[in-house]
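The values are calculated or read from the model by the stated rules, or taken from the named source; none is laboratory data. These figures come from a predicted structure and were not determined experimentally. Don't worry about glycine lacking a Cβ; one is built from the backbone with ideal geometry, like all the others, and counts go over all protein chains shown. These accessible areas exclude ligands, DNA and RNA; they are computed on the full protein's heavy atoms, side chains included. Shrake-Rupley method; radii C 1.70, N 1.55, O 1.52, S 1.80 Å.
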Amino acid sequence: MTIAYKADRQHMEITLSGDYLSFSDEEIRQKLFADLKNKRPATIVLNGQELGQWDSTLAVVLFEVIKFAQKHSLHIDLSGLPENLRHFLDLAFAVDRKPEATKLSRLPFLEAIGSKTLDIYHSSRKGSAFIKQVLISILKGLSGKAVMRRIDFYFAMEDASYKAIAIVSLVSFMVGLILAFVGAIQLKTFGAQIYVSSLVAIAMTRIMGAIMVGIIMAGRTGASYAATIGSMQVNEEIDALKTMGISATDFLVLPRITSLLLTIPFLTILADAMGIIGGGAVGVFMLGISPHEYWTYTWNALSLDNFLVGIFHGFVYGFVIAVCGCYYGIYCGRNADSVGLATTKAVVSAIVWMIVLTGIITFLLEVVGL
Amino acid sequence: MIKTAETSPIQADKITIAYGDFVLLKDLDFKVNKHDVFIIMGGSGCGKSSLLRVLTGLQNPSGGEVFINGTNFTKAEETAKNDIMKKCGILYQSGALFSSMTLAENIALPLQQYTDYSPSLISELVSFKLALVGLAGFEEFYPSEISGGMKKRAGLARALALDPEIVYFDEPSAGLDPISSKLLDDLIIDLNRSLGTTIVVVTHELSSIFAIGTNSIFLDGETKSIIAGGNPNDLLRNPPNETVRRFLTRGEK
Ligand SMILES: Nc1ncnc2c1ncn2[C@@H]1O[C@H](COP(=O)(O)OP(=O)(O)O)[C@@H](O)[C@H]1O
Ligand SMILES: [Mg+2]
């Protein structure tokens with residue numbers, strides 16, 4: 001299989017003979033086009049009297065030759081080709097519709113930085129607008145004016161309540177255990193292992209319980225919010241809601257955010273308790289502290305302030321998780337990967353915001369002396 | 001391998017399709033000739049799509065066999081089956097483009113999978129196939145960025161990537177405006193004429209049936225069998241029974 005051709009400045013004759021099936025000889029193709037570019041003959045004649053079988057691999061060569069000829073206004077004569085091949089090639093030129101919108105190419109470096117900065121600006125505006133909407137929705141919900149299906153709220157409640165109990169218990173129990181272990185190593189050197197109980201009690205109630213609940217709920221509940229709402233976006237269901245005049249924030253975000261805000265304090269209390277039990281297990285079984293003594297020290301270490309600070313953190317985390325999950329769900333793209341991307345973003349950003357806000361809250365509490 | 005005396009691209013031999021106890025179609029015998037534009041018609045739910053799934057090897061019939069180019073496709077081994085499937089292009093109802101890939105990547109996929117063509121040849125072939133279906137210049141678009149009719153044409157470009165001998169269409173005009181639908185019909189005829197591709201179309205769009213069909217079968221849900229066959233225009237002139245006549249005349253009394 002080869003493509004024979006003679007060429008000078010005036011005239012190029014390309015002769016096809018034999019079969020061209022899976023014709024993929026790079027060399028011949030490249031040489032043909034190199035010569036075509038060099039010579040740029042005024043007329044090109046295609047000769048296919050002896051052409052046998054062919055497939056698209058031949059057609060594509062001719063397609064490129066014709067395109068070249070058209071671009072440089074060379075005369076091309078296809079009458080020597082078999083009827084069906086000519087027809088096939090005509091087809092490729094028949095409806096040569098150019099896309100209405102041309103795609104963006106890669107931006108130069110500086111422009112890319114600029115556009116990224118603008119992106120951040122726009123998305124932070126979008127984000128704060130979303131949070132404002134959510135707050136309005138919550139107020140509307142409190143005054144009973146929001147359109148929300150009760151069943152959605154129950155489902156969200158179910159998901160954020162008893163279905164999360166097992167994992168929250170297990171993880172906080174283990175965290176209490178680990179805290180106690182790590183604390184014991186140091187405290188033992190002073191013979192003060194009894195203070196393991198206070199350490200665990202303070203750490204769990206003030207921050208660790210809430211953080212563990214936050215991380216677990218970001219992973220299971222926040223992710224599922226983003227995935228559910230995201231696939232609704234893909235299915236154009238959110239557009240349907242909007243055209244019915246129903247606010248997506250009321251209808252989709254409100255039941256989720258309220259249920260998470262309602263359940264998260266209880267989950268935090270559960271986590272606190274399980275952490276203390278985990279610490280107790282280490283204290284009693286490893287450090288040989290009597291259960292009664294452990295409990296007394298724990299009780300003395302517990303303070304309402306720390307407990308309330310923990311619950312407050314829980315509320316903040318619940319809000320962050322629900323907002324991130326719903327936000328990335330609603331602003332999900334329309335591709336197949338969009339939902340996956342939305343879920344990832346929801347979890348990652350929820351955890352990042354949780355940590356950032358914890359830093360800020362801790363600082364502020366320090367200032368007011370709590 | 002068993003070869004029938006005269007090898008037609010597709011031959012159905014006593015095909016029965018059933019879902020559990022529910023028999024959908026029973027003992028279908030028919031033959032698609034080379035270069036046919038073969039129409040499978042019949043009312044909704046009579047099993048056209050199921051038959052297409054059987055013909056394309058996506059589903060096994062409950063009884064009977066399909067011969068593709070004389071080879072027993074139904075009983076073939078995995079590798080032989082794949083070789084046959086490679087020679088068949090399918091345009092699914094919705095286009096079935098992979099939404100996370102650009103049109104170019106969609107069409108390049110079978111080429112990368114089954115040929116050892118160089119990347120530059122593949123990209124030229126991709127552009128050529130897109131041009132064939134009137135989508136030149138849309139290489140870098142994602143399926144979500146083009147219209148329904150364009151998706152179907154892009155799906156066709158992908159179905160044509162490997163120069164198939166047989167192309168199947170499941171309701172090509174469903175969900176298309178008359179102009180897009182006509183465009184697709186014209187494409188089907190052009191492919192059939194220029195490449196000699198054998199074409200099987202499931203449709204109940206009358207204008208398509210008469211414009212493109214050279215041969216057909218008419219499936220009937222009640223008798224679970226083929227109640228008519230042949231050139232659709234002939235069928236319209238001499239309908240063999242009342243069901244076919246009413247179908248082809250849009251229910252005229
Ligand atoms: N996977 C399946 N399982 C059970 N029944 C099915 C399945 N696919 C199709 N059917 C039944 O077969 C019938 C015909 O379906 P289909 O082949 O899609 O018909 P058509 O394409 O002619 O409208 C329908 O009544 C449907 O209920
Ligand atoms: Mg169907």
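Hey, could you check the stretch B:168-185 for residues that are within 14 Å of chain A (Cβ to nearest Cβ) and under 23 Å from residue B:126 (Cα atoms) and say which is farthest from ligand 1 (Cβ to nearest atom)? Don't jump to the end; show me each part of the working.
So the first thing to find is which residues in the stretch B:168-185 are within 14 Å of chain A (Cβ to nearest Cβ), and the list is B:179-180, B:182-185.
With the extra rule that they be under 23 Å from residue B:126 (Cα atoms), the set shrinks to B:180, B:183-185.
On the way: B:180: 21, B:183: 23, B:184: 18, B:185: 19 Å.
Looking at residues that are within 14 Å of chain A (Cβ to nearest Cβ) and under 23 Å from residue B:126 (Cα atoms), I get B:183.
In this structure, is residue B:86 away from ligand 2 (no atom under 16 Å from the Cβ) and in contact with a Phe, Trp or Tyr (Cβ under 7 Å, 6 or more places away or on another chain)? It is true that residue B:86 is away from ligand 2 (no atom under 16 Å from the Cβ) and in contact with a Phe, Trp or Tyr (Cβ under 7 Å, 6 or more places away or on another chain). Among (1) outside any loop (DSSP other than H, G, I, E, B); (2) crowded, with 18+ Cβ neighbours inside 10 Å, which single condition is residue B:141 missing? Going through the list (1) outside any loop (DSSP other than H, G, I, E, B); (2) crowded, with 18+ Cβ neighbours inside 10 Å, residue B:141 breaks only (1). It is to be established whether one or more residues within the stretch B:148-167 are surrounded by 18 or more Cβ atoms within 10 Å (Cβ to Cβ), away from every other protein chain (no Cβ under 14 Å) and out of contact with any Pro (no Cβ under 8 Å at 6 or more places or on another chain). Yes, the stretch B:148-167 has at least one match. Return yes or no: is residue B:34 within 22 Å of residue B:188 (Cα to Cα), touching a Gly at 6+ places or on another chain (Cβ under 8 Å) and more than 16 Å from ligand 2 (Cβ to nearest atom)? Yes.
Examine the stretch B:155-173 for a residue that is in a helix (DSSP H, G or I), in contact with a helix residue (DSSP H, G or I) (Cβ under 6 Å, 6 or more places away or on another chain) and not hydroxyl-bearing (Ser, Thr, Tyr), and state whether such a residue exists. Within the stretch B:155-173 (the criterion being in a helix (DSSP H, G or I), in contact with a helix residue (DSSP H, G or I) (Cβ under 6 Å, 6 or more places away or on another chain) and not hydroxyl-bearing (Ser, Thr, Tyr)), the answer is yes, since at least one residue qualifies. When residue B:50 is tested against (1) over 23 Å from residue B:247 (Cα atoms); (2) under 14 Å from the mean Cα position of the chain (by Cα); (3) within 13 Å of ligand 1 (Cβ to nearest atom), exactly one condition is not met: (1). Tally up the residues in the stretch B:53-67 that are under 14 Å from the mean Cα position of the chain (by Cα) and more than 8 Å from ligand 1 (Cβ to nearest atom), please. Of the residues in the stretch B:53-67, 5 are under 14 Å from the mean Cα position of the chain (by Cα) and more than 8 Å from ligand 1 (Cβ to nearest atom).
The strands (runs of 3 or more DSSP E) found wholly in the stretch B:6-104 and carrying at least 3 residues that are without any contact (Cβ under 8 Å) to a residue 60 or more places away in the chain and open to solvent by less than 10 Å² (accessible area, probe 1.4 Å) occupy B:10-19. Each residue in the stretch B:9-47 was checked for being aromatic (Phe, Trp, Tyr) and either at pLDDT below 90 or within 11 Å of ligand 1 (Cβ to nearest atom) (or both), and 2 pass. Among the residues examined, residue B:91 does not qualify as in contact with a strand residue (DSSP E or B) (Cβ under 8 Å, 6 or more places away or on another chain) and at pLDDT 90 or above.
Tell me whether the stretch B:165-174 contains one or more residues that are modelled with pLDDT under 90 and either more than 24 Å from residue B:41 (Cα to Cα) or aliphatic (A, V, I, L, M) (or both). Yes, the conditions are met somewhere in the stretch B:165-174.
Scanning the stretch B:105-128 for residues that are open to solvent by 30 Å² or more (accessible area, probe 1.4 Å), within 12 Å of another protein chain (Cβ to nearest Cβ) and part of a helix (DSSP H, G or I) yields B:114, B:119, B:120, B:123, B:124.
For the stretch A:62-83, how many residues are of a type outside the set (D, E, K, R), within 16 Å of residue A:17 (Cα to Cα) and either within 47 Å of the chain's Cα centre (by Cα) or open to solvent by 10 Å² or more (accessible area, probe 1.4 Å) (or both)? Lay out the reasoning, then the answer.
So in the stretch A:62-83, the residues of a type outside the set (D, E, K, R) come out as A:62-63, A:65-66, A:68-70, A:72-76, A:78-82.
Narrowing the set further to residues that are within 16 Å of residue A:17 (Cα to Cα) leaves A:62, A:78-82.
With either within 47 Å of the chain's Cα centre (by Cα) or open to solvent by 10 Å² or more (accessible area, probe 1.4 Å) (or both) added as a condition, the list becomes A:62, A:78-80, A:82.
Total satisfying the criteria: 5.
Once the stretch B:136-146 is narrowed to residues that are within 7 Å of chain A (Cβ to nearest Cβ) and out of contact with any Pro (no Cβ under 8 Å at 6 or more places or on another chain), the residue that is nearest to residue A:63 (Cα to Cα) is B:136. Residues in the stretch B:175-217 that are surrounded by fewer than 18 Cβ atoms within 10 Å (Cβ to Cβ), within 16 Å of ligand 2 (Cβ to nearest atom) and either β-branched (Val, Ile, Thr) or within 15 Å of the chain's Cα centre (by Cα) (or both): none.
In the set A:367, A:348, which member is within 25 Å of residue A:129 (Cβ to Cβ) and either more than 12 Å from the chain's Cα centre (by Cα) or away from every other protein chain (no Cβ under 14 Å) (or both)?
After applying the criteria, what remains is A:348.
Scanning the stretch B:222-253 for residues that are in contact (Cβ under 8 Å) with a residue 40 or more places away in the chain and either open to solvent by less than 40 Å² (accessible area, probe 1.4 Å) or part of a helix (DSSP H, G or I) (or both) yields B:225, B:232, B:247, B:248.
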